[in-house]
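Input: a single structure, listed below in structure tokens.
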Amino acid sequence: MTAALVAGLLAGYGIALPVGAVGTYLVSLTARTTLRTGACAALGVATADGLYALVATLGGSALAGALRPVLGPLRWASALVLAALAVLGAVTAVRQYRRHRLATRSAPPPPSPARAYLGLLGITLLNPTTVIYFAALVLGSRSADAVSPLEQAVFVLAAFAASASWQLLLAGGGALLGGALTGHRGRLVTALVSSGVMTVLAVRMVWS
């Protein structure tokens, strides 16, 4: 139970920490609208992360039974996928920092809280990195005999809670956190922290 909780929290923070276009939009949206609107948008992002964690967990459990003979090599392959995502995120962040490239977007009219939630939910669901990340994590760290419905629920809820806490922090910070986390240095730091979390998960997966 504790292992599932810790794994879910690490997974949620690992995918949520990088402050990219969505994180920047969350901060700016809250700054120019209301905390309620920003919080709804943040929960939209967290909901998408939670749904992908659920899909990956259920799919991982089903696939683990069929792929049981090759679970060893599959675990190594999954660890390599996580490590590759970590390296790619870190390299991209360093390159953007050195070239001083910030994503600039025209500010759309402020949406209602409901539209903010649905909009951020849809945008995050379209991100293929999220589902690849969760699928690799679940397939690489679980086996058919090790996963119970309760552990699945704990993992998914923990991943959702981790993502929600970070997204709500971004929304709550608004303009104050905007300069610290969405600037050149802030993006570099959060991306490197996320890459570090992914690397820890990959090492833990292989070690176990």
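Numbers below:
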{"quantity": "Segments 156-166, 88-98, 28-38, 43-53 sorted - mean Cβ within 10 Å per residue, highest first", "calculated": "43-53, 156-166, 28-38, 88-98"}
{"quantity": "Length gained when the stretch V200-L35 is fully extended (0.36 nm per residue, less Cα-Cα span)", "calculated": "56.0 nm"}
{"quantity": "Most to least accessible of L17, L192 (protein chains only, probe 1.4 Å)", "calculated": "L192, L17"}
{"quantity": "Theoretical gain in end-to-end length, V91 to R185 [0.36 nm per residue, Cα-Cα removed]", "calculated": "32.4 nm"}
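The values are calculated or read from the model by the stated rules, or taken from the named source; none is laboratory data. In this text, all values refer to a predicted model and were calculated from it rather than measured experimentally. Glycine gets a Cβ as well: all are built from the backbone with ideal geometry, and neighbour counts include every protein chain shown. Note: areas computed on protein heavy atoms with side chains; ligands, DNA, RNA excluded. Shrake-Rupley method; radii C 1.70, N 1.55, O 1.52, S 1.80 Å.
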